[in-house]
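Taken together, the values in this text are just the output of simple stated rules run on the coordinates, not laboratory data. The model shown is predicted, which means the values in this text are computed figures rather than measured ones. Virtual Cβ from ideal backbone geometry, glycine too; neighbours counted across all protein chains shown.
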Amino acid sequence: ASSLLQAIEPSTDSSANDDEKTAIDWNNLGFGLMPTDYMYTMKCFKDENFTQGQLSRYGNIELSPSAGVLNYGQGLFEGTKAYRRGNGHLFLFRPDQNAIRMQNGAERMCMPSPSIEQFVDAVKQTALANRRWIPPPGKGSLYIRPLLMGSGPILGLAPASEYTFLIYASPVGIYFKEGLAPLNLYIEDEFHRASCGGAGGIKSITNYAPVLKALRRAKERGFSDVLYLDSVNKTNIEEVSSCNIFLVKDNVLSTPATNGTILKGVTRISIIDIARDLGYQVEERSIPVEELLSADEVFCTGTAVGVVPVGRITYEGRRVEYRTGSRLVSQELYSTLVGIQTGLIEDKRGWVVEI
Ligand code: COI
């Protein structure tokens, strides 16, 4: 199967690669796909372990029409970012957490998964091979997208016979088209994102297409994104299509507990740790929608979105406004996160991985 790939040795001359003129307007990066130079692929058969992966030129892949991922959605994805510091050094943020989340998801979806070392090494290789696409400091990052899929052919419902771990990357800036403006969220009462015992707690590809209808409907009405409620009682908040959610009330932070329907966001858990370090009380629990509506401040977290304040939420025709502007708790937390990432604040936990 790996004969599909043409192994290519990327340039190891970092100055030549970084200085190569890339016609990119670094000031206007959004979250659109900008194909880069290399991707990473590693394959293995069912009941075996991943062994050897390789970089190849970025391009289309060949897949059987009966691949498990195409027919039965046997697939996971991850998202992590590579950043450039002012001194030119390149780094990743907690890639081991993405590796662990992929392992947990793979177990749930009956797939073999790369070891933490293999995952992190592959992410590093992909970032380095595409280093000329890592934006200058403060302009954005290289979004790295690892995929794990059942690539072997299958007709009856069963785990696929072969698996592919693939990583590609794209430079990105701000996720929402509103830029840095506070989000305008819509609480969905017809569709749900996840159900108890389902796959909401892992980064399964099957969690994303089913929200597109609610998302499209909300965007057509001018909303930034959709917040989903629990599918049993429709009373507790869960998460947004693209990110986790927090509320602040009387300086106490609360976010839905990760009980199987909430994605364990890497930014989510990092912000919880940072908030506790800064002296905030943080609660992970069930949060009734009415409590959200009476919060002082609301914000979202995610690898793609970062930490972004919510300005307004609409629920059953009622519109609620939240504190925005300067001196937000979310701003303090985000500045601390960015400070750790850029080296301005000491990285006491070893979150930053230099490449
Ligand atoms: C991420 O934050 O990395 C995600 O995977 C969310 C996705 C909807 C862009």
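Taking 0.36 nm per intervening residue step and subtracting the Cα-Cα distance, what contour gain separates A209 from S294 on full extension?
Value of the extension gain: 27.5 nm.
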Between helix 329-342 and the chain: long-axis angle, C-alpha atoms, 0 to 90°, nearest 10:
20 degrees
Find how many whole Å separate the alpha carbon centroid of segment 108-165 from the alpha carbon centroid of segment 228-244.
28 Å
Starting from segment 258-355, pick out the GluC sites (Glu not before Pro) whose DSSP state is loop and whose Cβ has at most 13 other Cβ atoms within 10 Å.
E316, E346
With label points set 7 Å from each Cα along the Cα-to-Cβ direction at A181 and R85, the distance between them in nm comes to 3.6 nm
Roughly speaking, what is the centre-to-centre gap between segment 27-55 and segment 323-355 when only Cα atoms are used, to the nearest Å?
28 Å
Of G173, G279, G150, the most mobile residue in a GNM of the chain (C-alpha springs, cutoff 10 Å) is G279
Please compare each pair in K81/K177; K139/K177; K81/K249; K139/K213; K81/K139; K81/K203 to a cut-off of 23 Å on the Cα-Cα distance and tell me which ones are over it.
K81/K249; K139/K213
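Let me know the charge dipole size of the chain about its Cα centre in debye, to the nearest 20, where only the beta-carbon of Lys, Arg (+1) and Asp, Glu (-1) is charged. Before the final figure, lay out the partial values.
On the way: 36 positive and 40 negative charges, 104 e Å.
Dipole of the chain, to the nearest 20 debye: 500 debye.
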Over the Cα atoms of segment 221-347, how large are the radius of gyration and the largest Cα-Cα distance (Dmax), in Å?
14.2, 46
Taking a point 7 angstrom from the Cα of C196 along the C-beta vector, which residues in segment 243-263 have backbone N less than 20 Å away?
256-263
Of all trypsin sites (Lys or Arg not before Pro) in segment 276-355, which ones are in loop regions per DSSP and have a Cβ with at most 15 other Cβ atoms within 10 Å?
R327, K348, R349
Expressed in angstrom, Rg and Dmax over the Cα atoms of segment 134-187 are 18.2, 49
Qualifying trypsin sites (Lys or Arg not before Pro) for segment 150-230 [loop in DSSP, other Cβ within 10 Å: at most 14]
K177, R221
Which semi-axis lengths, in whole Å and largest first, follow from the square roots of five times the eigenvalues of the Cα gyration tensor of segment 47-191?
29, 22, 14
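Over all directions, how big on average is the projection of the convex hull of the alpha-carbon atoms in segment 158-206, in square nanometres? Display every interim value, and only then the final one.
Working: hull surface 26.9 nm².
Average of the hull's projected areas for segment 158-206 equals 6.7 nm².
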With a 4.7 Å Cβ cut-off, tell me which Cys residues in the chain come up empty for a partner.
C44, C110, C196
Does anyone have the angle between helix 116-129 and the longest principal axis of the chain? Alpha-carbon axes, 0 to 90°, nearest 10?
80 degrees
Before anything else, pin down the relative contact order of the chain: Cα pairs under 8 Å, at least 6 apart, normalised by residue count, whole percent.
17 percent
With +1 on each Lys and Arg Cβ and -1 on each Asp and Glu Cβ, how big is the dipole of segment 55-161 about its Cα centre, in debye rounded to the nearest 20?
660 debye
What Rg and what Dmax come out for the chain when only alpha-carbon atoms are used, in angstroms?
20.5, 59
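Can you give the extra length, in nm with one decimal, that the chain gains between T235 and V338 once fully stretched, where that is 0.36 nm per residue apart less the Cα-Cα distance? Kindly include the intermediate steps, with their values, before the conclusion.
On the way: separation 103, 0.36 × 103 = 37.08 nm, distance 3.39 nm.
Here the segment from T235 to V338 would lengthen by 33.7 nm.
Please state the relative contact order of segment 65-123 as a whole percent: Cα pairs under 8 Å, 6+ residues apart? Show your work: numbers first, answer last.
Numbers: 44 pairs, mean separation 15.9, N = 59.
Relative contact order of segment 65-123: 27 percent.
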Rounded to two decimals, what ratio of Rg to Rh does segment 120-252 give with C-alpha atoms and a Kirkwood Rh?
1.03
Quick one: which residues, 5+ away or cross-chain, put their amide H under 5 Å from the amide H of F31? H built at 1.01 Å from N.
G173
